[in-house]
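Colleague: Could you have a look at this structure, given as structure tokens, before my questions?
The values are calculated or read from the model by the stated rules, or taken from the named source; none is laboratory data. Predicted model, so just to flag it, every value in this text is computed and none were measured. Neighbour counts are summed over all protein chains in view; Cβ atoms, including those assigned to glycine, are modelled from backbone coordinates with ideal geometry. What goes into the accessible areas is simple: the full protein's heavy atoms, side chains included, and nothing from ligands, DNA or RNA. Shrake-Rupley method; radii C 1.70, N 1.55, O 1.52, S 1.80 Å.
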Amino acid sequence: MNIKTEFSDKTLTAIIEGDIDHHTAKGIRETIDLAVEEKNPSALTLDFGNVQFMDSSGIGLIMGRYRLMKLLNGNLELVNLPEHINRLISLSGLFSLDIIKNKGCEQIETRE
Amino acid sequence: MKPVNEMKIEFVSRSSNESFARATVAAFVSQLDPTISELADIKTAVSEAVTNCIVHAYKNSIGTIYISVQIFDTGRITIKIRDKGVGIPNIKKAMEPLFTTGGDERAGLGFAVMQSFMDKIKVTSKIDKGTTVTLEKDIIPRVLRNG
């Protein structure tokens, strides 16, 4: 399984590892949603520091978890975004949701 | 213009092959010595196109996905991803950002990503015959990159 979850201070942190694509997204989603159901956290943090690859399936995953946390009156936060994922997220418009916390991560690359 | 190098692969539309497809294309284009960023762009675009074949073209079946990659001496690469699936009824609609028929967990960004990460995209499709997505990208030769 390419995901680990940790729970402390009402915050559930999911550390995702490896590739996020259509094939792996289902297992990642199920693991996170199960942990959310069990712990009922007020905040969910997705850690992308160990993600090697992500396509738009990852955007779908983020959007779905955002909706889930809103439903539970909680917050979603994204941390440790690699540059490549930052670019995908800026393309998706998800930045407007104010869920990104760039803890010591690279700048967003702008395309000319 | 004749390609200086070319490769073709075909594989069944199982989602476990998504990583195989993008890794194989990336390995082939690596001979152009692309930057990590260019390689990530290509892998992402290929992943989107292949996922479309699996999620949409062969929605209720398993079919064959065909990929061919051509390299030109200018540093241009052309990647064709072809299926013999259901086809796209309205290409313009399908390419609109956020449009999806894939349900709640799909962002509807596949074509937008391909458009943004590659230099050029062409989509041709025929109902019940299949779809071909052609992606182009110019890889800047290292000699020019380093000045």
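Colleague: I'm trying to understand the selection: among the residues of region B:30-77, which are touching a residue at least 60 places away in the same chain (Cβ under 8 Å) and among the hydroxyl-bearing types (Ser, Thr, Tyr)?
Modeller: Listed by number, the residues that qualify are B:Thr35, B:Thr44, B:Ser68, B:Thr74.
Colleague: Can I ask one more? Select from region B:78-87 the residues that are open to solvent by less than 40 Å² (accessible area, probe 1.4 Å) and either more than 16 Å from B:Lys43 (Cα to Cα) or free of Cβ contacts under 8 Å to residues at least 40 places away in the same chain (or both) and list them in ascending order.
Modeller: B:Asp83, B:Gly85, B:Gly87
Colleague: Separate question: So if I check each of A:Leu46, A:Leu68, A:Leu12, which one is closer than 18 Å to A:Gly93 by Cβ and within 13 Å of the chain's Cα centre (by Cα)?
Modeller: Being closer than 18 Å to A:Gly93 by Cβ and within 13 Å of the chain's Cα centre (by Cα) holds for just one of A:Leu46, A:Leu68, A:Leu12, which is A:Leu46.
Colleague: When you go through (1) within 25 Å of B:Val50 (Cα to Cα); (2) in contact with a strand residue (DSSP E or B) (Cβ under 9 Å, 6 or more places away or on another chain); (3) modelled with pLDDT under 95 one by one for A:Lys70, which number turns out not to apply?
Modeller: The number of the failed condition is (1).
Colleague: Here's something else I'd like to know. Residues B:Ser37, B:Ser47, B:Ser61, B:Ser16: which one is surrounded by fewer than 23 Cβ atoms within 10 Å (Cβ to Cβ), closer than 23 Å to A:Lys26 by Cα, among the hydroxyl-bearing types (Ser, Thr, Tyr) and within 13 Å of another protein chain (Cβ to nearest Cβ)?
Modeller: Result: B:Ser16 is the single residue among B:Ser37, B:Ser47, B:Ser61, B:Ser16 that is surrounded by fewer than 23 Cβ atoms within 10 Å (Cβ to Cβ), closer than 23 Å to A:Lys26 by Cα, among the hydroxyl-bearing types (Ser, Thr, Tyr) and within 13 Å of another protein chain (Cβ to nearest Cβ).
Colleague: Looking at region A:41-94 only, could you name the residues that are over 15 Å from B:Leu98 (Cβ atoms), small (Gly, Ala, Ser) and either within 8 Å of chain B (Cβ to nearest Cβ) or crowded, with 22+ Cβ neighbours inside 10 Å (or both)?
Modeller: The answer is A:Gly58, and nothing else.
Colleague: Would you be able to say whether some residue in region B:21-30 is in contact with a Gly (Cβ under 9 Å, 6 or more places away or on another chain) and either open to solvent by 10 Å² or more (accessible area, probe 1.4 Å) or closer than 22 Å to B:Ala94 by Cβ (or both)?
Modeller: no
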